[in-house]
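A quick write-up on the structure given underneath.
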């Protein structure tokens with residue numbers, strides 16, 4: 001009972017009490033839902049456009065990836081590239097990699113860069 005009164009009397013208790021706490025909980029849940037949706041959408045784009053060569057986990061462990069001697073997207077060589085460099089490579093292509101600037105929106109390419117970053121070892 002004493003702890004409850006202390007919390008009610010503290011500034012934190014006033015801020016987080018009742019409706020403020022509910023609003024915060026709703027905002028946190030909404031943020032989690034949106035980030036989960038974005039991650040799933042990034043994975044879907046990656047799966048549809050990249051996994052045939054780069055593999056499901058970016059390890060280039062597909063027949064095409066092995067034949068082209070692709071590096072793992074989690075490798076230090078790939079991860080050291082800047083976001084801008086990765087964006088240009090995905091957009092314009094490089095060596096035998098095709099360009100995707102006509103197939104994907106700028107936002108989708110930025111999302112793929114985020115997905116590649118998430119593969120970091």
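Each reported figure results from applying straightforward, stated rules to the coordinates on display, with no laboratory input. Treat the numbers as computed from the prediction; the structure is a model and nothing was measured. So basically every Cβ, Gly included, is an ideal-geometry build from the backbone, and we count neighbours across all protein chains shown.
For segment 37-118, what class follows from the C-alpha gyration tensor (a ≥ b ≥ c being the square roots of its eigenvalues): rounded when a/c is under 1.5, otherwise prolate if a/b is larger than b/c, else oblate?
Rounded shape, in that the Cα axes give a/c under 1.5.
Taking the beta-carbon count within 10 Å as an exposure proxy, list 54, 110, 115 from fewest neighbours to most. Mind showing how you got there, number by number?
On the way: 54 25, 110 16, 115 20.
The order, fewest Cβ neighbours first, is 110, 115, 54.
Using 0.36 nm per residue, how much length does the chain from residue 107 to residue 75 gain when fully extended, once their Cα-Cα distance is taken away?
Numbers: separation 32, 0.36 × 32 = 11.52 nm, distance 2.39 nm.
Net length gain for the segment: 9.1 nm.
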